[in-house]
1. Testing Asp85 on (1) assigned to a loop (DSSP other than H, G, I, E, B); (2) modelled with pLDDT under 95; (3) surrounded by fewer than 18 Cβ atoms within 10 Å (Cβ to Cβ), one condition comes back false. Which one is that?
2. If you go through segment 14-44, how many residues are in contact (Cβ under 8 Å) with a residue 40 or more places away in the chain and within 16 Å of Met288 (Cα to Cα)?
3. Criterion first (farther than 29 Å from Leu189 by Cα and touching a strand residue (DSSP E or B) at 6+ places or on another chain (Cβ under 7 Å)) does Asp124 satisfy it?
4. Given the condition surrounded by fewer than 16 Cβ atoms within 10 Å (Cβ to Cβ) and among the aromatic types (Phe, Trp, Tyr), answer yes or no: does some residue in segment 245-267 qualify?
5. Taking segment 196-216 as the search range and keeping residues that are of a type in the set (A, V, I, L, M, F, W, C) and without any contact (Cβ under 8 Å) to a residue 40 or more places away in the chain, which one is surrounded by the fewest Cβ atoms within 10 Å (Cβ to Cβ)?
6. Give just the number: which of (1) assigned to a helix (DSSP H, G or I); (2) crowded, with 16+ Cβ neighbours inside 10 Å; (3) aliphatic (A, V, I, L, M) does Val25 not satisfy?
7. Return the residues of segment 106-124 that are out of contact with any helix residue (DSSP H, G or I) (no Cβ under 6 Å at 6 or more places or on another chain) and either more than 24 Å from Ser26 (Cα to Cα) or buried (at least 20 other Cβ atoms within 10 Å of the Cβ) (or both); say none if nothing qualifies.
8. Cβ-Cβ under 9 Å, sequence separation 6+ or interchain: first residue in segment 82-109 and under 17 Å from Ala132 (Cα atoms), partner in a strand (DSSP E or B) and β-branched (Val, Ile, Thr). Which pairs?
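The values are calculated or read from the model by the stated rules, or taken from the named source; none is laboratory data. Quantities reported herein were computed from a predicted structural model and do not represent experimental measurements. Positions of Cβ are backbone-derived with ideal geometry, glycine not excepted, and every protein chain shown enters the neighbour counts.
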Amino acid sequence: MDAEQVGRLTARWIAALPGEDSTVVSGLGVQPLLAILAEVADEPAHTELAEAAGERYGGLLEAPGLRMALGLWTRPDLELQAGVDRFLPPEVRGTLTDQAALDAWVVERTDGLLRRMPVELTPDVLLVLASALALKTEWELPFDEYPRGDQRWLSRTDGDLDSLRVHDTAAGPLTVVTVRGVGEFDVRLVVGDGGRAVVLGAALSLDDGMPGAEVLATERSAPGVEVIESMRSAVILSMPSFEIDAEHDLLQHRDVFGLTAASDPSRGHFPGLSPQPLAIDQARQAVMARFSATGFEAAAVTSMAMAAGAAPVFDQKALYVNLERPFGFVAVHRPTGVPVVAGWVN
């Protein structure tokens, strides 16, 4: 899994979102699905999906504290190509039955952090492809927690000055405070003078910046940072706890995810997946993140539903009866022709 590719996908997505409201997205949750679909798509969907994914499918990220999973569900009469086993082996596949079964998978794969599959199982849906991830980590150095207005506020003093770095970027200076987790995951808190897309876009492609020790020694100004009198040199961090839930419709940003051609229902796009012509009908992500005094939790489920991807062929004639006028009806016993009931509809 290429961090730079996932970072670029995430930055493009954030830049495409309207407004400046609180939100959360998971490019990591989307990227494997795009890469798999690129492998089984024909042109032009293959090129669009491959460019959005940024790399070929190389498996899911594996790390302590992170759970990732794939799932594929199909209607019983939908045939799959044999090559699908390379990406989606039989043990991750199931039969589409009802919404409750899909929701149960979400609960299991996210440790209950999310409760439902974000796509809707309609009669037109022939296939659902999904990824799930759940991240849980505890802080090496927990926060103190106290009420402040209607929020829970967090505070801690970290003796590691270099947990803070100041980066000079095209978007201006960025302050990044790294909150270290016990395992392999940290959370970077980023402050800048631009808006959401500018600050996060820059934060997703950072090199090493000026360490906090140098910032303190030179008393350099930086966004969100103030040099104050203290009993010892430290990074004093004060912030609100937060919990954010979001749901995103990926088809609102087809160009970001390479889904323009793949969602065209006039033809099929995935011959490597099934001989049945298929097109993307729904593509959604449900995602949450929780930052507390003791640790961080996040979960995302990204799912894509496919429907028949071929337009009807009008090469025959038919008789079209349009009953937009009063009409009568008779129920008849077929073997004898005996009318059982008769009536009139006006």
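1. Condition not satisfied by Asp85: (1).
2. 9
3. Criteria met by Asp124.
4. Within segment 245-267, none of the residues are surrounded by fewer than 16 Cβ atoms within 10 Å (Cβ to Cβ) and among the aromatic types (Phe, Trp, Tyr).
5. The qualifying residue surrounded by the fewest Cβ atoms within 10 Å (Cβ to Cβ) is Leu206.
6. Every condition holds for Val25 apart from (1).
7. Matches in segment 106-124: Val106, Arg109, Thr110, Leu113, Pro118, Val119, Thr122, Pro123, Asp124.
8. Between residues of segment 82-109 that are under 17 Å from Ala132 (Cα atoms) and residues that are in a strand (DSSP E or B) and β-branched (Val, Ile, Thr), the close pairs are Arg93/Thr74; Gly94/Thr74; Ala101/Thr95; Leu102/Val128; Trp105/Val301; Val106/Val301; Arg109/Val301.
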